[in-house]
1. Which of the lysines could be linked to Lys48 by a straight reach, that is with a Cα gap under 30 Å, when you skip same-chain ones fewer than 8 residues away?
2. Pick from Glu108, Glu157, Glu100: which is most flexible by mean-square fluctuation in a GNM of the chain where alpha carbon atoms under 10 Å apart are linked?
3. If you count only protein heavy atoms with a 1.4 Å probe, what accessible area per residue comes out for the chain, rounded to a whole Å²?
4. Roughly how far apart, in whole Å, are the Cα centres of segment 158-188 and segment 83-110?
5. Just the number, please: carbon plus sulfur as a percent of the accessible area of segment 88-228, 1.4 Å probe, no ligands or DNA/RNA counted.
6. May I have the pair-distance distribution P(r) for the chain, computed from all Cα-Cα distances with 5 Å bins from 0 and rounded to whole percent?
7. Rounded to the nearest 5, what % of DSSP beta bridges with both residues in segment 25-138 are antiparallel?
8. To the nearest µm²/s, what D does Stokes-Einstein give for segment 169-238 at 37 °C and 0.692 mPa s, using the Kirkwood radius over alpha carbon pairs as Rh?
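The values are calculated or read from the model by the stated rules, or taken from the named source; none is laboratory data. All figures in this text were calculated on a predicted structure; none of them were measured in a lab. Cβ sites come from the backbone with ideal geometry, for glycine too, and all protein chains shown count toward neighbours. The protein model used for the area step is the full one, side chains on, heavy atoms only, and it has no ligands, DNA or RNA in it. Shrake-Rupley method; radii C 1.70, N 1.55, O 1.52, S 1.80 Å.
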Amino acid sequence: MLITTRAIVLHGIRYGEADLIVKCFTQSSGLKGYLLRNILKSKKGKLKTAMFQPFTLLEIVANHKDKNTLENIREAKVTYPYRSLHTNIYKSSIVMFLAEVLRSVVQEEEQNDALFYFLEEAMLWLDQEENFANFHLLFLVKLSKYLGFYPGSVQEEAPYFNMLEGNFQDKETNAYCLNNANVALLKQLLNLDFQDIESLKLNQLTRTSFIEMMLSYYQLHIHGFKKPKSLEVLHQLF
């Protein structure tokens, strides 16, 4: 079936000498894989390699057979040309890291407008802003809402965060209960939007520790989740 839909590129891998396999999160059908034939060698085709960088926002015309096979893109156009997302080394390191995270957590071939709009709005914000050092921390917290394990409502007086249950509590009930600076930071982030994060004054050690906690949280709730290989680069830059 020929379909026109908006799509967010998640990642692409080379296939053979000239082809590219691309994973996109589409507004109409969720996660989709596409085989782009001869795109790496052809200079005359409608589809260009630059269109398929992580988080590029597209409108595509594609043939969806919906048979768990790679689909075909007939046409594509960039709906928003990024100003800095792929050229600023700090932003591109965040993009690489978050693309790896999404590769592990987004698996469903079904429509999810809420997740699509979240990803779109988050990337537009990151592209346009200059104070973004804490962006990836809040992104991971907010993303968990669309994956089904968003932390329970903040209870300021509850000192423990139970990572297994995903809630705050008064007592330690298992080995996954934390009571440290990361819990305090999590409580702060749960009450913030992206435009508020510049108010957080965090150092590299704090960011590193919090990201490690959140990735452990993801590992507890998503089967097969692996820490991104780009994590070390992210830690060095932030």
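1. Lys23, Lys32, Lys65, Lys67, Lys77, Lys91, Lys229
2. Evaluated over the chain, the most mobile residue of the options is Glu157.
3. 51
4. What the calculation gives is 28 Å, centre to centre.
5. On the way: 3050 of 6830 Å².
In segment 88-228, the share of accessible area belonging to carbon and sulfur is 45 percent.
6. Bins of 5 Å from zero give 1, 6, 13, 16, 18, 15, 12, 8, 5, 3, 1, 0, 0 percent of pairs.
7. Around 90 percent antiparallel, to the nearest 5.
8. In µm²/s, the coefficient rounds to 237.
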